[in-house]
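Undergrad: My questions all concern the structure below.
The values are calculated or read from the model by the stated rules, or taken from the named source; none is laboratory data. Fair warning: this is a prediction, and the values are worked out from it, not measured in the lab. In case anyone asks, the SASA skips ligands and DNA or RNA and just uses the protein heavy atoms, side chains included. Shrake-Rupley method; radii C 1.70, N 1.55, O 1.52, S 1.80 Å.
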Amino acid sequence: MRYLMGAIMLFSLYSVQGQDTLRTKFFSTEKLGADQIFLAKDPYDNTFVRQDNTLLKLSRYNTTEYTNPSQDTLSQVDLSQANSVLAFYHQSQSLFTLSKDLK
């Protein structure tokens, strides 16, 4: 039993260490403006950032933006769905579903 617990702890240590290494490499390659805050990156190599209260989708070829002036500052985005973006506003506890074109 002792060996099993040791093996589990060792495995979890390596998996956490691997995720931190991946995160460090990912952030070191991002080049954002001084007023842009990184939110997420999707599997298609699009970067989602917040600039003021605007959600920007930066791709290799163009930039798409979404603004909701009736809401407070955008807090998070969720890209777990392939064809939609979930935008979360923390202060008003609001969640908006956007298409992949941010409409």
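Undergrad: What's the carbon and sulfur percent of segment 44-103's accessible surface, probe 1.4 angstrom, rounded to a whole number? Spell out each step's value before the answer.
TA: Values: 1710 of 3810 Å².
Ligands and nucleic acids excluded, carbon and sulfur reach 45 percent.
Undergrad: Can you run phi through the Karplus equation (6.51, -1.76, 1.60; θ = phi - 60°) for segment 38-44 and list ³J(HN,Hα) in whole Hz, with x for Gly and Pro?
TA: 5, 10, 6, 9, 9, x, 8
Undergrad: Further question on the same structure: Taking amide hydrogens as modeled 1.01 Å from N in the peptide plane, which residues meet the under 5 Å criterion relative to Ser75, leaving out close sequence neighbours?
TA: Placed amide hydrogens put Phe88, Tyr89, His90 under 5 Å from Ser75.
Undergrad: Check cross-link reach from Lys31 to the aspartates and glutamates: straight Cα distance under 20 Å, and skip same-chain residues fewer than eight apart.
TA: Counting by Cα, and skipping residues close in sequence, Lys31 has these aspartates and glutamates nearby: Asp20, Asp42, Asp45, Asp52, Glu65.
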